[in-house]
Amino acid sequence: MAQIVIASDLGSGRVVFLAKGEKADEVAWRGLIENAEVADDEARANELLALAEADANARHEVVDPYLIDVREEGGVLRPTKYREAIRCLGPTIRQDLGKQAEGAEA
Amino acid sequence: MYRYDEHDHALVQDRVAQFRRQVERRMKGEITEDQFRPLRLMNGLYLQLHAYMLRVAIPYGTLDSRQMRKLAHIARRYDKGYGHFTTRQNLQYNWPKLEETPDILAELAEVEMHAIQTSGNCIRNVTSDQYAGAAKGEVEDPRVWCEIARQWSTLHPEFSFLPRKFKIAITGCEDDRAAVKVHDIGMIMKRGRAGEVGFEVIVGGGLGRTPFVGKAIRDFLPKEDFLSYLEAILRVYNQLGRRDNKYKARIKVTLHETGQEEFTRLVEEEWAEIKDSTLKLPKEEVDRIAKHFEPPAFRSLAEASPATDARAAADPAFAAWMRHNVHEHKAAGYAIANISLKPMGEAPGDATAEQMDVMADLADEFSFSELRVTHAQNIVLPHVEQDRLPELFDRLLEAELASANLGLLSDIICCPGLDYCALANARSIPIATQLTERFTPEKQEEVGDLQIKISGCINACGHHHVGHIGILGVDRKGEEHYQVQIGGSASEEAALGKILGRGFSADQVVDVVDKIIETYLELREDGEEFIETYRRVGQDPFKERVYGTA
C-alpha cells in the first residue's frame, strides 16, 4: 500500500503533507495532497516518517506527523480510510470549509 | 449576573500574558510540542482534524449581550464566521490560528470570559439549569453556588492534576434540565425538614465508555458546608482515583470499585476533618455573591396576555413556537423563550456570527440583556414579557431562528463527530441532519417529546447513553457504523439506554429510527410520551420491528 506523511501546520493547524524540498536533502510541507511524496514500500515509508519527525523537531513548522495509506485514482491521490479522507478535504457538512474550499491556494 | 472583581480580572489577564509568551516560545521552537501541549490544553486549545479548536467557558451557561457580541466578533475576525455551542454550555471555535489565540483570549478577558479549565484533568466549567433564576418552582437560584464553586475550583492547586477531568452540575429545580445525575458530582437544591435550603449530593454519574447514573451519597447538605463537602469528595477521589488506566480514572469507576457505602464513609470521614475549617462559608460572603444574581427589575404585570393568546389562536406557526419553545416564568406576565439552534438540515448547536449578534440584540430588547446556553445546545432569553412574545417571534423569524422544535425529535443533541473531532470514529452531524430532513414538522408534532442524542465515539459527548433514542458512531472494519439504543433519559428519572442489537450502516440509521418511532406510535396509550411507552412495553416490540425478531 502506498503511503504519504500527513501533519498539522504549527501556526494555523491546517493539514499539510510531506513533500520534496528544493534541495535533494531537504523536505518541505505542502498544503495539497498532490504535492505529497509517495512511498511505495514500507522501508521508504519509514524513511519518510523519520525525515518528517526529524524536521518537526528541528524546524518546528509542523505537529504530529504520521503515515497514511493512499491510492491513486484517475491520477489523483486519495486516502484509503474515511477519517483521513475527511481530514484531507474538510467537514463533509460544510463544503465551504477546509481544504476542499481552499483550492489552489492550499 | 456575576461581574469580575479585581482578583478575577488580574487572574485572567495574567493567564493571557502567560499564554502569549508560551505561544511565542513554541513558535520560535524554544519548547517542544510535548512540552507545549499541556499548556495549550490548560487554555482550552485543542488540535483537531482540520485545525486548532478553542473551547471558551460560559460559566453555568449564563452570558450577557456584550459577551455574546464578543463571541460573534471573535467568530468573524479570528475564525470562519460561526461557533458551536456544546453540551457543557461552552462555545467552540473550529478554526483559530495558534498565533492569534492569545489575542482571542485577550478579547475574551475584556468581557470577563476565558478558556481556562475547559480541558485537562481538572474541575471543568460548572453547569446548571438554563432556566435558573427564572423557573417557576425553583427552590433558589443555583448559579450562586455555581459561581462559588467556580471561584473555589479555578486554579485550585490541589485539584489541578486530578486522575481525570471532573464535571459538576447544580440545579435548583426538581425538574432536572442540567442532567445532574450523569455528572461526576450533581447537586440538587432542596428544602430540609425545617424549610431550610441545602443540597442533595449525587456522585459518580457519567457517560463515556463506562456509563453510570450517579448515586446520592448525602440526602441533605446544609449550604454552609457546600465547599467543605465538595472538597472532601475531591480529596477522596484524588487519593483513590486510578491513575494507571485513563479509562478507569473517572470518579464513577472509583465509586463503583470502592462501593457506595465505603466511598460515602470515606467522604464523611474526610469531611468531619475539614467541615469547620476556613471552607465553612460565611453568610456575608454567600450574600455578596448572591447579590450578583438578584432578579432583574420585573414590571408588575398581569398573569396572562390576551394579545399573545389572540396571536396564537390566529397563527399556527406562532402557536407551535409558543407550545414548544416558551416556558413558564416565575414572575407574573413573563415567559422564558428558547431559541432553537436546530434548524432543519443544519449542524445542531452551530450559530453564525450574525445570529449571535441578533441574539445579543434581542437579549437587550427583550430580556434584560441576559442569555443562557443550554446543555441541549440551544439559547434562552430568560425574561421576556408575555405581551412581547409575538414581536420576539417575528424578529426570530426574520433571523431564521424561529424553529419551533424544543423537545421534539429534531432538537437533537449531537457532538461534532468525525467532521471535526480528532477522537471521533464516525460522523454524527450528517445523521442528525438526515433525521431532521426525514421527519416533517407535522410528523414531529405527532410524535411529541422525543430526545435523540448522537455521539461520534464512545466518549459520548453527544450523550447518546441518555437519549430516548441514542446513536453511537463506531468504526467497523474501516466503515462508519452506528449502534442504536433506546430508553435512556437525562431527566430527574435518569436512565441509561439499552443497545437494541447489531449496528447499522450510515444509510440504514434513519430508517431504523423511523421504525422505532412507528412502533411507538402504534403502541402508545393516550397522552403517553415515547419514554413512558418504552418503560411500559420494554425493548422487545422495538427490537422485533427493527430486526424482524423478538
**Prompt:** Considering only DSSP beta bridges whose two residues both sit in region B:134-291, what percent are antiparallel, to the nearest 5?
**Reply:** 75
**Asked** What are the extents of the Cα atoms of region B:413-547 along their three principal axes, listed from largest to smallest and rounded to whole Å?
**Response** 45, 29, 26
**Prompt:** With a sphere of radius 15 Å drawn around the Cβ of B:Gln539, what net charge do the other residues whose Cβ falls strictly inside it have (Lys, Arg +1; Asp, Glu -1)?
**Reply:** +4
**Asked** Given 0.36 nm per residue, what is the gain on full extension from B:Ala314 to B:Ala272 after removing their alpha carbon distance, in nm?
**Response** 8.9 nm
**Request:** Over the alpha-carbon set of region B:264-363, work out the extent along each principal axis and list the three values in angstrom, largest first.
**Result:** 63, 40, 29
**Asked** For region B:93-164, what's the radius of gyration and Dmax over Cα atoms, in angstrom?
**Response** 15.4, 48
**Asked** Anyone know which of A:Ala28, A:Ala43, A:Ala56 comes out most mobile in the 10 Å Cα GNM of chain A?
**Response** A:Ala43
**Complete:** For chain B, Rg(Cα) over 2.2 N^0.38 Å is 0.94
**Fill in**
Inverse of <1/r> over all distinct C-alpha pairs of region B:431-509, i.e. the Kirkwood Rh in Å, gives 13.0
**Prompt:** Taking the alpha-carbon centroid of each part, what is the distance from region B:1-49 to region B:284-350 in angstrom?
**Reply:** 37
**Asked** Between region B:480-495 and region B:218-274, what is the C-alpha centre distance in whole Å?
**Response** 27
**Message:** Roughly how far apart, in whole Å, are the Cα centres of region A:82-104 and region A:31-71?
**Reply:** 20
**Item:** Antiparallel DSSP beta bridges within region B:450-549, as percent of all bridges there, nearest 5
**Value:** 75
**Message:** From the helices alone, meaning DSSP H stretches of at least four residues, give me the mean residue ellipticity at 222 nm for the protein assembly as shown, per-run term -39500 (n - 2.57), in deg cm²/dmol to the nearest 500.
**Reply:** -11000 deg cm²/dmol
**Message:** Let me check I've understood the local charge: for B:Ala494, count other residues with C-beta under 10 angstrom from its C-beta, Lys and Arg +1, Asp and Glu -1. What total comes out?
**Reply:** -2
**Asked** Using every alpha carbon pair in region B:306-398, what percent of pairs falls into each 10 Å bin from 0 up to the bin containing the largest distance?
**Response** 16, 52, 29, 3
**Fill in**
Kirkwood radius from Cα pairs of region B:501-548 plugged into Stokes-Einstein at 37 °C, 0.692 mPa s, gives D in µm²/s equal to 293
**Complete:** Convex hull around the C-alpha positions of chain A: the volume in Å³ per residue is 107
**Message:** Tell me the relative contact order for region B:1-64 as a rounded percent, counting alpha carbon contacts under 8 Å between residues six or more apart.
**Reply:** 24
**Complete:** A correct fewest-to-most ranking of B:Asp475, A:Asp96 by other Cβ atoms within 10 Å would be A:Asp96, B:Asp475
**Complete:** Hull volume per residue for region B:134-291, using the convex hull of the C-alpha atoms, in Å³ is 117
**Request:** Provide Rg over Rh for region B:6-110; use the alpha carbon set for both Rg and the Kirkwood Rh (inverse mean inverse pair distance).
**Result:** 0.95
**Prompt:** Over the Cα atoms of region B:74-118, Rg to Rh with Kirkwood Rh, two decimal places?
**Reply:** 0.93
**Message:** If you filter region B:32-131 for chymotrypsin sites (Phe, Trp or Tyr not before Pro), then keep DSSP loop positions with at most 15 other Cβ within 10 Å, what is left?
**Reply:** none
**Asked** Hey, got a sec? Which trypsin sites (Lys or Arg not before Pro) in region B:14-70 land in a DSSP loop and have at most 14 other Cβ atoms within 10 Å?
**Response** B:Lys28
**Message:** Can you pull out the trypsin sites (Lys or Arg not before Pro) in region B:195-284 whose DSSP state is coil and whose Cβ has at most 16 other Cβ atoms within 10 Å?
**Reply:** B:Arg209, B:Arg242, B:Arg243, B:Lys280
**Message:** Every cysteine in the protein assembly as shown with no other Cys Cβ under 4.7 Å from its Cβ, please list them in numeric order.
**Reply:** A:Cys88, B:Cys122, B:Cys146, B:Cys173, B:Cys414, B:Cys421, B:Cys457
**Request:** May I have the convex hull volume per residue, in Å³, for the Cα set of the protein assembly as shown?
**Result:** 173
**Message:** Give me the percent relative contact order of region B:134-291, please, defined on Cα pairs under 8 angstrom at least 6 residues apart.
**Reply:** 20
**Message:** Restricting to Cα pairs below 8 Å that are 6+ residues apart, what does the relative contact order work out to for chain B? Please round to a whole percent.
**Reply:** 13
**Item:** At least 18 Å along the helix axis (C-alpha) and Kyte average at least 0.5, DSSP helices within chain B
**Value:** B:226-240
**Asked** In degrees between 0 and 90, to the nearest 10, how far off the longest principal axis of chain A does helix A:42-59 point, with axes built from Cα atoms?
**Response** 90
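Where a number appears in this text, it was derived from the coordinates with a stated rule and is not lab data. This is a predicted model, so every value here is computed, not measured. Glycine also receives a Cβ, built like all others from the backbone with ideal geometry; neighbour counts cover every protein chain displayed.
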